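Report on the structure given below.
Just so it is clear, none of the values below were taken in a lab; they were calculated from the coordinates. Treat the numbers as computed from the prediction; the structure is a model and nothing was measured. Neighbour counts run over all protein chains shown; Cβ positions are idealised from the backbone, glycine included.
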Amino acid sequence: MNMINFSKSLVFTFLFFSVVEINAQGQIHPEIQKLIPGNLIDQNFNQVNSENLEGKIIGLYFSAGWCPPCRTFSPTLKEFREQNKEDFEVVMISADRNLDEQLQYMQSAKMPWPALPAGSYEANNLYSIFEVRGIPTLIIISPNGQVISINGRNEVIQKKNSALNEWKNSGAYAEFKKENKNNADTKDPTDQDKENVDYQEEIKRLKQENAKKDAQITALTKRAEECEKLANVVNEDCAVIQDELNRVIKDLTSALAENQSLKDQLSVALQSSEACSTKVVELRKQLEQCKTISNAPYVSGWVFTREKGWIYTSPEVFPFVFLESSSTWYLYQLGSAAPRQFFNYQTQEWEEWE
């Protein structure tokens with residue numbers, strides 16, 4: 001818990017000085033500041049000055065190291081960015097499980113662009129704002145924060161020599177140029193004071209978000225303690241059941257030893273049961289294949305949900321699904337709905353998902 005508190009304090013301090021630095025620059029468009037408040041890092045966890053975003057078209061790169069398509073696309077995006085870095089910059093919005101995995105991914109891919117820390121409020125907020133459900137996703141925005149394209153990945157791959165010009169010819173970019181022209185040399189001297197008030201409000205908001213996270217951590221810690229107590233009770237019950245089962249086995253063995261005729265009958269019955277079981281297994285396999293085909297999911301691969309985070313499935317493994325946040329496989333009870341029933345192989349319990 002002390003390490004968690006230290007990490008939160010470090011992140012808040014980092015955010016605080018980032019906001020103060022942006023205030024001193026006063027160059028980044030307010031809409032960009034709302035989307036990317038300034039807590040940017042490079043692949044070595046060094047603070048990155050966000051003034052490099054000023055006046056540039058920005059590609060919000062939703063990506064993660066555990067995603068093979070992301071690792072395939074990143075070199076292509078890196079080459080495109082190097083060819084157009086005077087007018088274009090990338091900001092990675094990480095979906096990695098933690099900061100260490102994000103930094104390892106950025107270092108292995110030699111990413112030259114800045115990123116928002118994995119798990120940060122700002123990163124999660126952007127996934128929600130743009131309703132990102134799959135990665136890699138590249139959303140192109142103008143220097144004033146307006147969306148130019150949500151299909152940046154395909155445009156970089158298919159039109160890498162003309163993509164930037166098409167973005168510059170978009171209505172969103174034209175609106176930025178017009179706004180920039182109208183505001184040239186017309187800034188009110190009192191604007192700086194207004195911006196200072198805005199940044200003070202931003203610092204206040206960050207403190208409030210930090211308090212919310214403290215409350216969430218406390219609640220999760222309490223839930224973990226309750227789960228641990230429940231697990232202890234279940235283990236005790238299992239021990240009692242195992243003792244009872246051992247006693248029953250012992251009594252059954254004694255009864256069989258006293259009645260050889262019964263053993264012979266039981267042997268015949270077991271043989272018949274095995275033959276029947278083999279047939280049942282074959283029929284069940286056929287039934288499961290039919291169910292899998294008829295209930296194949298409408299998605300294949302990794303998908304993001306607000307409630308459970310990143311989930312994986314495909315026609316080859318369905319009805320089994322993998323929950324990335326807990327690294328656990330689940331079995332979906334076919335036909336169940338509102339809520340759906342999933343068996344957690346880690347806890348050996350059924351769960352209800354909305």
- Within 10 Å, count the other beta carbons around each residue, average over each peptide in 34-43, 165-174, 277-286, and list them highest first. 34-43, 165-174, 277-286
- Any chance you could give the angle, 0 to 90 degrees and rounded to 10, that helix 171-182 forms with the longest Cα principal axis of the chain? 30
- Query: How big is Rg to Rh over segment 44-183, alpha-carbon atoms, Rh as the Kirkwood inverse-mean-distance radius?
  - Reply: 0.95
- Query: Which semi-axes, in whole Å and largest first, does the equivalent ellipsoid of segment 241-354 have when worked out from the alpha carbon gyration tensor as the square roots of 5 times its eigenvalues?
  - Reply: 41, 20, 10
- Item | 19 Å Cα-Cα reach of K263 towards aspartates and glutamates, excluding residues that sit fewer than 8 places from it in its own chain | D251, E274
- Message: Please enumerate, by chain and number, the aspartates and glutamates with C-alpha under 18 Å from the C-alpha of K213, excluding those fewer than 8 residues away in the same chain.
- Response: E122, E202, E307
- Query: Taking a quarter of the surface of the Cα convex hull of segment 232-292, what do you get in nm²?
  - Reply: 6.8
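Suppose we keep just the DSSP beta bridges with both residues in the chain; what percent of those would be antiparallel, to 5? Present the calculation step by step, with values, prior to reporting the outcome.
Values: 28 of 37 bridges.
The antiparallel fraction comes to roughly 75 percent.
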- Could you go through segment 147-164 in sequence order and give the Karplus-derived ³J(HN,Hα) for each residue, using 6.51 cos²θ - 1.76 cosθ + 1.60 with θ = phi - 60°, rounded to whole Hz, and x for Gly and Pro? 6, 8, 7, 9, 10, x, 4, 5, 5, 5, 6, 8, 10, 4, 8, 10, 4, 4
- Hull shadow area, averaged, the chain [alpha-carbon convex hull, nm²]: 25.3
- Item | Residue-wise HN-Hα coupling along segment 341-349, computed from phi with Karplus coefficients 6.51, -1.76, 1.60 (Hz; x: Gly, Pro) | 9, 10, 9, 8, 6, 7, 8, 6, 9
- Item | Those lysines that a straight Cα-Cα span of less than 28 Å connects to K181, excepting residues fewer than 8 apart in one chain | K34, K56, K85, K168, K194
- Query: What are the residues whose amide H is under 5 Å from the amide H of W310, where those residues sit 5 or more places off or on another chain and H is modelled from the backbone?
  - Reply: T305, E324, S325
- Query: Helix 99-108: angle to the longest alpha-carbon principal axis of the chain, degrees 0 to 90, nearest 10?
  - Reply: 70
- Task: Report the equivalent ellipsoid semi-axes for segment 301-353 in whole Å, largest first, defined as the square roots of five times the eigenvalues of the gyration tensor built from alpha carbon atoms.
- Result: 15, 13, 12
- Item | Computed lengthening from V280 to K213, 0.36 nm per intervening residue step minus Cα-Cα distance | 18.9 nm
- G301 long-range amide H proximity, modeled H, under 5 Å: T313, S314
